[in-house]
Amino acid sequence: MVANKLLTLVLLRQAPRILLGMKKRGFGVGRWNGFGGKVEPGETIKAAARRELLEESCLVCNDLKEVGLLKFEFLGNPQIWEVHVFTSNNFEGEAKETEEMRPQWFEEKSIPFDQMWPDDILWFPHFLNGKKFSGYIVFEGMDKMVKYDVEEVESI
Ligand code: 6U4
Ligand code: NA
Ligand code: NA
């Protein structure tokens, strides 16, 4: 058995706006995304979420709440990616462009889903309604979802 790979994703929200970043390199390059990355050994998932947010946007957030859990299978790869989604409306600093991300605030009614991961449109509505959610999504390559199941949950 292959252990799941743990990742984080942070979506900061100050209604009616949400902060996304254009990924400048690596996995998901060219897509607007939340901020996040791989959990390091010995690190809690929340600490990783906070660290990746700081590294990628220069923002400090001590108030992250876990709102979603998304599992991704990529056909041909035995490792499941487990993406823990966090949010907050309370943070310090100003979003700055970094080597990895170009941050931009978007109106919640004009989120650029056509330039995001194709699964995002499935779970953003739950997120924007303030609900918790979980999902299992199977990708073929980076663009094609071959199967998905996303639902609201009471707790993560
Ligand atoms: P390095 O370059 O190793 O430092 P790191 O920042 O640790 O990378 P990265 O950026 O590759 O990790 O992590 C991938 C990011 O993409 C995580 O924040 C999770 C997010 N992500 C992955 N698949 C996604 C998907 N299908 N939909 C989505 N976000 C996804 O919205
Ligand atoms: Na990252
Ligand atoms: Na990283």
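The values are calculated or read from the model by the stated rules, or taken from the named source; none is laboratory data. Worth saying up front: this structure is predicted, and the values here are computed from it rather than measured. Cβ coordinates were reconstructed from backbone atoms using ideal geometry, including for glycine residues, and neighbour counts include every protein chain displayed. Each accessible area value is taken on the protein alone, full model and side chains, heavy atoms only, with ligands, DNA and RNA left out. Shrake-Rupley method; radii C 1.70, N 1.55, O 1.52, S 1.80 Å.
Spelling out what I want: for every residue of the stretch 115-123, take phi, set θ = phi - 60°, compute 6.51 cos²θ - 1.76 cosθ + 1.60 (Karplus), and round to whole Hz; glycine and proline get x.
Karplus values, whole Hz, x for Gly and Pro: 10, 10, 4, x, 6, 4, 5, 6, 10.
Grab the alpha carbons of the stretch 73-156, take their convex hull, and tell me the volume per residue in Å³.
Roughly 142 Å³ of hull volume per residue.
Working out 0.36 nm times the residue gap between ASN129 and GLN14, then minus their Cα-Cα distance, what length gain in nm do you get to one decimal?
40.1 nm
Relative contact order (percent) for the chain, with alpha-carbon contacts under 8 angstrom and 6 or more residues of separation? If you can, show how the numbers build up before the last one.
Working: 344 pairs, mean separation 40.6, N = 156.
Answer for the chain is 26 percent.
Is there a quick way to get the dipole size of the chain? I mean about its Cα centre, with the Cβ of Lys and Arg at +1 and of Asp and Glu at -1; what is the value in debye to the nearest 20?
Using Cβ point charges on Lys, Arg, Asp and Glu, the chain gives about 100 debye.
When the Cα centres of the stretch 90-156 and the stretch 1-56 are compared, how far apart do they sit, in Å?
The two parts, judged by their Cα centres, are 11 Å apart.
Work out from phi, with θ = phi - 60° and the Karplus expression 6.51 cos²θ - 1.76 cosθ + 1.60, the ³J(HN,Hα) of each residue of the stretch 34-50, listed in order in whole Hz, and give x for Gly and Pro.
x, 9, x, x, 7, 6, 8, x, x, 9, 6, 5, 5, 4, 5, 4, 5
Of the accessible area of the chain, with the probe set at 1.4 angstrom, what percent is carbon plus sulfur?
Accessible surface attributable to carbon and sulfur in the chain totals 50 percent.
Would you mind computing Rg(Cα) / (2.2 N^0.38 Å) for the chain, counting N as its residues? The partial results should precede the final answer.
Details: Rg = 14.6 Å, N = 156, 2.2 N^0.38 = 15.0 Å.
In units of the 2.2 N^0.38 Å rule of thumb, it is 0.98.
In nm, to one decimal, how far is the modelled label at ILE121 from the one at VAL153, with both set 7 Å along Cα→Cβ?
Here the answer is 2.5 nm between the modelled labels.
What number in nm² do you get for the stretch 56-109 if you take the convex hull of its Cα atoms and divide its surface by four? Kindly include the intermediate steps, with their values, before the conclusion.
Numbers: hull surface 22.7 nm².
Average of the hull's projected areas for the stretch 56-109 equals 5.7 nm².
List the aspartates and glutamates whose alpha-carbon lies under 18 Å from that of LYS131, not counting same-chain residues fewer than 8 positions away?
ASP63, GLU66, GLU108, ASP119, ASP120, ASP149, GLU151, GLU152, GLU154
Keeping all protein chains in place, calculate the accessible area per residue for the chain (probe 1.4 angstrom), answer in Å².
Value returned for the chain: 53 Å² of accessible area per residue.
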